1. Could you run through the range 334-350 and say how many residues are assigned to a loop (DSSP other than H, G, I, E, B), closer than 17 Å to R301 by Cα and aliphatic (A, V, I, L, M)?
2. Got a number for residues in the range 215-241 being open to solvent by less than 60 Å² (accessible area, probe 1.4 Å), more than 24 Å from K143 (Cβ to Cβ) and touching a residue at least 24 places away in the same chain (Cβ under 8 Å)?
3. Kindly indicate which of A168, A107, A161 is among the small types (G, A, S), under 28 Å from N225 (Cα atoms), touching a strand residue (DSSP E or B) at 6+ places or on another chain (Cβ under 7 Å) and open to solvent by less than 10 Å² (accessible area, probe 1.4 Å).
4. Would you point out the residue of the range 283-327, among those that are part of a loop (DSSP other than H, G, I, E, B) and charged (D, E, K, R), that is most open to solvent (accessible area, probe 1.4 Å)?
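The values are calculated or read from the model by the stated rules, or taken from the named source; none is laboratory data. None of the values given here were measured: they were computed from a predicted structure. Neighbour counts are summed over all protein chains in view; Cβ atoms, including those assigned to glycine, are modelled from backbone coordinates with ideal geometry. Note: areas computed on protein heavy atoms with side chains; ligands, DNA, RNA excluded. Shrake-Rupley method; radii C 1.70, N 1.55, O 1.52, S 1.80 Å.
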Amino acid sequence: MSYADGDNPYLREPPTEFEPAESLTPEAAERQADQLRAAIREHDYRYYVDNDPVIADRVYDQLFDRLRTLEAKFDLDKPDSPTTRVGGEPVDDLDTVEHTAPMLSIAQSGDAEDVREFADRTARLLRDEGVDPTDIGYVCEPKFDGISIELVYEDGRLTRAATRGDGAEGDDVTAQARRIRAIPQRLRGDPPELLAVRGEVFMPKDGFREHNRQRVEDGEEPFANPRNATAGTIRQLDPSVVADRPLDCFVYDIMVYEAGDEGGDRPATQWTERDAIESWGFHVDDLAEQVADIEAAIEYRDSLLDARENLNYEIDGVVIKVDDTAAADALGNTARETRSAFAYKFPARTEVTT
């Protein structure tokens, strides 16, 4: 159930004084819990994705505590409730699951001539497939230095999350993904019946520094870098540990799109896919750009290299993707790599040591 702004009292300037739960009827408690869930999802989106909160943290905590009280007293637990983001029973092991579609690698190099060769090869392959490459542009985006994840949604609800693994199978980390607030448990707008997307889980630099500081204070070994911290967290067998660590997630690719009889078509370009991904409530990186040719893509990489140190997350290059989805499909894949994308890497960092 969803509520428009005018129907939900907990969206803007919400009341935080509640009548005792004992005085509510089951029907009234269920309605209030539904309103609170819808409002908390919206506040999560505004805080973690849109970076535009409309209530104070203290008010959010009061709404959250009220929802937990109602769910516990009236047995109103739901698997996609915001309250499942905290706590949770530890598991003995991570199951292995098959991906909805292969999570392929892409070719990569730090040499601009290899990037130009990728563009030339792409043009040749498209001509062989009867596709005119003249107007085929690219989408460029940062290459995030985190952990790849597959997120599967059925009827707009998160049903599974898995690490990349070997590309065909990965670890089932659904319980862990439910604790990452930037990953929606229920999608916004009008998503397809079955949607699988690919994203990157990462730990922002400021969150990493604070988390390491806390670990040292607690007598624990600090993590070496944000990627190690992310990998160690996403595979935690105790999901409550994930809830306490500052993970984020950017989503950047549609793996499976099945709209059903009444649904619309899959977006025709990478750029419109990005718009759709954002409209469904996922966190997308705002540094992505459309470019007309490979030289502009190389310039994009060089500009990000200059800006790298000022970002609040680690990147190790850029990804250049053929924008037109039909052209990308025509290019196809090798056994392990997609032919429609290329990673232009940054040079390795160098440091002066004593």
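1. Counting residues in the range 334-350 that are assigned to a loop (DSSP other than H, G, I, E, B), closer than 17 Å to R301 by Cα and aliphatic (A, V, I, L, M) gives 1.
2. Of the residues in the range 215-241, 4 are open to solvent by less than 60 Å² (accessible area, probe 1.4 Å), more than 24 Å from K143 (Cβ to Cβ) and touching a residue at least 24 places away in the same chain (Cβ under 8 Å).
3. A161
4. D286
Every residue, every condition in (1) under 21 Å from Y252 (Cβ atoms); (2) under 11 Å from the mean Cα position of the chain (by Cα); (3) among the small types (G, A, S), yes or no:
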position: D172; (1), (2), (3): no, no, no
position: I183; (1), (2), (3): yes, yes, no
position: L194; (1), (2), (3): yes, no, no
position: G199; (1), (2), (3): yes, yes, yes
position: E221; (1), (2), (3): no, no, no
position: A224; (1), (2), (3): no, no, yes
